[in-house]
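**Q** There's a structure below that I have some questions on.
The values are calculated or read from the model by the stated rules, or taken from the named source; none is laboratory data. For clarity, every value in this text was computed on a predicted model and none was experimentally measured. A quick note on method: Cβ atoms are made from the backbone with ideal geometry, for glycine too, and the neighbour counts reach across all protein chains shown.
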Amino acid sequence: MALDGISIAALTYELDGRLAGGRISKIVQPERDALLLHIKTREETVKLLLSANPSLPLAYITDKNLSGPPQAPAFLMLVRKHLSGARILSVTQPGLERVIRLEAEHLDELGDPCRHVLVLEIMGKHSNLILCDSQGVICDAIRRIGSGTSSVREVLPGRPYFIPNTQDKLQLLPDGADRDGGAGGNSAIGDGSFWSRLAAWPGPVEKALGGILTGISPQMARELVMQAGLDGSESAAALTEAEKEQLRAALERLITQLREHEFAPQIYYHGEQAVEFSALPLSLYAQEEAVPFDSMSELLFTYYSERNSASRIKQRSAELRHLVTQTMERDSRKRDLMVKQLKDAEKRDKYKLWGELIRSFGYGVEPGAKQITVRNYYDNDAEITIPLDETLSPQENAAKYFERYQKLKRTFEATQVQMAETDQELEYLRSVEQALNMAESEADLAAIKQELTAGGYIRARQSAGKKGAAKPVKSVPLHYVSAEGFDFYVGKNNLQNETVTFELASGSDWWFHVKGLAGSHVIVKTGGRELSDRGFEQAGALAAWYSSAPRDSKVEVDYTRRRELKKPGHYKPGMVIYHTNYSLVVTPSLEGLEQVPCSDVS
């Protein structure tokens, strides 16, 4: 799920308690749309990541040291000017908006104390990081929004900052509500505005909660309806007074939990798959395994770390994917033309036959004849009619057909060679596409880019004044260990495939690769031992897992001794040939294998 207002309420409460009073010692911009604040408190140094990434906006405390670009962007310089060394006064959330406000105090150029507010808006594609002064005027934003982009609000230096209420929602928990008495006081539930809107809502009650109240996600709306004992599909306008009281009780319990900060962060798992997270216990997922966390920040880091990494890698690989896709489409079109050329070249033997028959029987042809009927001595003397050019002699007609034959023969032979090269390139590009799907880090992408540059797909750029080629990128293969103690190595790209196959493996080790599809080379280091049947199955399943085959399918995998593999000099990276092999059919799986760091490649 996306971060809703309730999850952000739990996060800001945690951050305020942990960071208030601390000083910002360092600010870096690890990504174009993110800031990392190093904050020194009395007990520790905390690293707070604030990300306005449109595909995955979030905030959490991390233990990772992230670096920024060599040259600091303008927004980072401005934030450093006003917030470096500043003391954090508070971390708050206006109402239940998906907004985090970090207010800090520092000394200006004259030594007088002044305040600035760093605002993180977690609003999907509209997410932003905005620096404001103490009067609520925007100093700058990590993503400037002009009138040409938005008719609702400009996010530009000098403009007043405000949160647009484009959906005209009511506040379940207004600013400062945690200091007021009574569960419903000063909220839309207590002043009656919510109930009047609910009575006029045209749809089901479950939709009404999220449509009327700020900060209520569809998940929390379903939870509230369930706690109230209502049918979520029931018309909101048709609720009875008794049902309204049940809903009021559920809403007031939620308000009390928020005011008393009774948060209990947890992730719900179905098997190994995380299906949901929440800042409060959810009876919706009572059948799932609930894993509790000590903090909301820790929960978000755990839940989003893999998704964040995958999202970043996908964004960074977009240019390479476009290049590979474009090249494959071009090669496919070229191959279609070659197929047509080969089909046309099938007529070549007919022209050769016509030339021979005209040469043999053309002596009796009348001048100006448009055709000749002769016996085909290649087909039991069956008669055959051959068209003629009436302006040419029989011998000239024969020469013309022989010339057509020779031209089509050359075309056929050249096209066969070109088609083989195109097929090999398409196979190679499919392997690069699979490598992009497997990329887990910037180093993996850099290695693929380096490979494509070496292959001439990307124009090499050398900076002026620099000598020599670019330094090789360190990107290591995957390493798994079985319960029997066998080492399994998996290449994540073509260069790694060559490394595991021709550098890590010895002649007696086993090599596995999915048949007829793009996939990784898998090497099993035997160390002189016999590989068990279970080991063969695991290696085959591993090769199928790291391939373009569907995860739930039966896949045929080829395997052979490493010594049987050859790589001709003109072959592209990762491409090999073999003539002796065995095959097995497996389902893609990692069962029984433990991934460990790969230390065998320097």
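**Q** Return yes when GLY465 is of a type in the set (Gly, Ala, Ser), modelled with pLDDT of 90 or more and assigned to a loop (DSSP other than H, G, I, E, B) and no when it is not.
**A** When the stated conditions are applied, GLY465 does not pass them.
**Q** Please go through region 481-516 and pick out each residue that is farther than 18 Å from GLU594 by Cβ, surrounded by fewer than 21 Cβ atoms within 10 Å (Cβ to Cβ) and hydroxyl-bearing (Ser, Thr, Tyr).
**A** Within region 481-516, SER506, SER508 qualify.
**Q** Quick check on this structure: which one of GLY519, GLY535, GLY527, GLY569 is surrounded by 16 or more Cβ atoms within 10 Å (Cβ to Cβ) and over 19 Å from GLU433 (Cα atoms)?
**A** After ruling out the rest, the residue left standing is GLY535.
**Q** Now for a separate question. Could you tell me whether region 324-336 includes any residue that is part of a strand (DSSP E or B) and not hydroxyl-bearing (Ser, Thr, Tyr)?
**A** So far as region 324-336 goes, no, none of its residues is part of a strand (DSSP E or B) and not hydroxyl-bearing (Ser, Thr, Tyr).
**Q** Something else now. What number of residues within region 528-547 are in contact with an Asp or Glu (Cβ under 8 Å, 6 or more places away or on another chain) and outside any helix (DSSP H, G or I)?
**A** Qualifying residue count, region 528-547: 1.
**Q** Can you tell me which residue within region 171-202, out of those that are part of a helix (DSSP H, G or I) and more than 21 Å from GLU243 (Cα to Cα), is modelled with the lowest pLDDT?
**A** Initially, region 171-202 is screened for residues part of a helix (DSSP H, G or I), giving 177-179, 193-200.
Subsequent filtering for residues that are more than 21 Å from GLU243 (Cα to Cα) retains 177-179.
On the way: ALA177: 43, ASP178: 45, ARG179: 38.
My answer is ARG179.
**Q** Can you work out which of the residues in region 124-160 that are closer than 26 Å to CYS114 by Cα and among the β-branched types (Val, Ile, Thr) is surrounded by the most Cβ atoms within 10 Å (Cβ to Cβ)?
**A** ILE142
**Q** Look at region 356-375 and say how many of its residues are at pLDDT 90 or above and at positive phi.
**A** Count: 0.
**Q** Something else now. Among the residues of region 538-566, which ones are among the small types (Gly, Ala, Ser) and crowded, with 22+ Cβ neighbours inside 10 Å?
**A** Residues satisfying the conditions are ALA539, GLY540, ALA541, ALA543, ALA544, SER547, ALA549.
**Q** Within region 396-409, is even one residue assigned to a helix (DSSP H, G or I) and within 27 Å of GLU329 (Cα to Cα)?
**A** Yes - at least one qualifying residue is present in region 396-409.
**Q** When region 406-423 is examined, which residues are found to be surrounded by 15 or more Cβ atoms within 10 Å (Cβ to Cβ) and either of a type in the set (Lys, Arg) or at pLDDT 95 or above (or both)?
**A** The one that is surrounded by 15 or more Cβ atoms within 10 Å (Cβ to Cβ) and either of a type in the set (Lys, Arg) or at pLDDT 95 or above (or both): LYS409.
One line per residue, one yes/no per condition, for (1) touching a Ser or Thr at 6+ places or on another chain (Cβ under 8 Å); (2) without any contact (Cβ under 8 Å) to a residue 24 or more places away in the chain; (3) aliphatic (A, V, I, L, M):
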{"residue": "THR12", "(1), (2), (3)": "yes, no, no"}
{"residue": "GLY21", "(1), (2), (3)": "yes, no, no"}
{"residue": "ASN65", "(1), (2), (3)": "no, yes, no"}
{"residue": "LEU83", "(1), (2), (3)": "no, no, yes"}
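**Q** Name the residue, out of LEU392, LEU426, LEU353, that is in a loop (DSSP other than H, G, I, E, B), outside the structural domain of GLY574 (by TED's automatic domain parsing) and surrounded by 12 or more Cβ atoms within 10 Å (Cβ to Cβ).
**A** LEU392
**Q** Among the residues of region 36-50, are any at pLDDT 95 or above, surrounded by fewer than 23 Cβ atoms within 10 Å (Cβ to Cβ), farther than 22 Å from ILE122 by Cβ and not polar (S, T, N, Q)?
**A** Among the residues of region 36-50, at least one is at pLDDT 95 or above, surrounded by fewer than 23 Cβ atoms within 10 Å (Cβ to Cβ), farther than 22 Å from ILE122 by Cβ and not polar (S, T, N, Q), which makes the answer yes.
**Q** A follow-up question, please. Would you confirm whether any residue within region 249-260 is small (Gly, Ala, Ser) and modelled with pLDDT under 90? Walk me through how you get there before you give the answer.
**A** Within region 249-260, the first condition is being small (Gly, Ala, Ser), and the residues that meet it are 249-250.
Imposing the further condition that a residue be modelled with pLDDT under 90 reduces the set to none.
The answer is no; no qualifying residue exists.
**Q** Would you say VAL365 is free of Cβ contacts under 8 Å to residues at least 24 places away in the same chain and in the same structural domain as GLU425 (by TED's automatic domain parsing)?
**A** no
**Q** Is there any pair linking a residue in region 369-380 that is free of Cβ contacts under 8 Å to residues at least 40 places away in the same chain to one that is part of a loop (DSSP other than H, G, I, E, B) and hydrophobic (A, V, I, L, M, F, W, C), with Cβ under 7 Å and at least six apart or on different chains, and which?
**A** If the second residue must be part of a loop (DSSP other than H, G, I, E, B) and hydrophobic (A, V, I, L, M, F, W, C), the pairs left are ALA369/LEU388; LYS370/LEU388; GLN371/LEU388; ILE372/VAL365; ILE372/LEU388.
**Q** Where residues in region 100-124 are of a type in the set (Asp, Glu) and in a strand (DSSP E or B), which of them is farthest from the chain's Cα centre (by Cα)?
**A** So the first thing to find is which residues in region 100-124 are of a type in the set (Asp, Glu), and the list is 103, 105, 108-109, 112, 121.
If we keep only those that are in a strand (DSSP E or B) too, we end up with 103, 105, 121.
Values: GLU103: 34, GLU105: 39, GLU121: 23 Å.
Going through the qualifying residues, I end up with GLU105.
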